[in-house]
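Data block below; observations after.
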Amino acid sequence: EAMRFGLPVVTTSTGVQGLAEAIDFLSVSDQAAEFALLTSRLLADDEKWKLQSRKQSDFVQIKYSQASLWRIIQDDFQSS
């Protein structure tokens, strides 16, 4: 949901499970201090915030939008 609404995500390795394609633009850490640092950097750097937000939103549009769902369904029917 956060990615869908353009809110940059800071998460743990557990939270990123199933999102291997998004690992390059998500902020991920299992260490509390590093997690806090990643969060602080996003809050302090508007350009980093905007870039991560855009990449996450694009990813969600490509992978999880209604249009992408219809492409998958269409591909399934065409391959049958």
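Quick look at the values:
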| read-out | value |
| --- | --- |
| The listed residue being of a type in the set (Lys, Arg) and surrounded by 13 or more Cβ atoms within 10 Å (Cβ to Cβ), out of 41, 71 | 41 |
| Residue 6 small (Gly, Ala, Ser), surrounded by 13 or more Cβ atoms within 10 Å (Cβ to Cβ) and in a loop (DSSP other than H, G, I, E, B) | yes |
| Conditions (1) at pLDDT 90 or above; (2) open to solvent by less than 100 Å² (accessible area, probe 1.4 Å); number of the one not met by residue 47 | (2) |
| Subset tally (residues that are exposed (fewer than 13 other Cβ atoms within 10 Å of the Cβ) and not aliphatic (A, V, I, L, M)) for segment 13-38 | 8 |
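The values are calculated or read from the model by the stated rules, or taken from the named source; none is laboratory data. The structure displayed is predicted, hence computed values, not measured ones. Heads up, the Cβs are rebuilt from the backbone with ideal geometry, glycines too, and the neighbour counts pull from every protein chain shown. Protein only, heavy atoms only, side chains kept; ligands, DNA and RNA dropped before computing areas. Shrake-Rupley method; radii C 1.70, N 1.55, O 1.52, S 1.80 Å.
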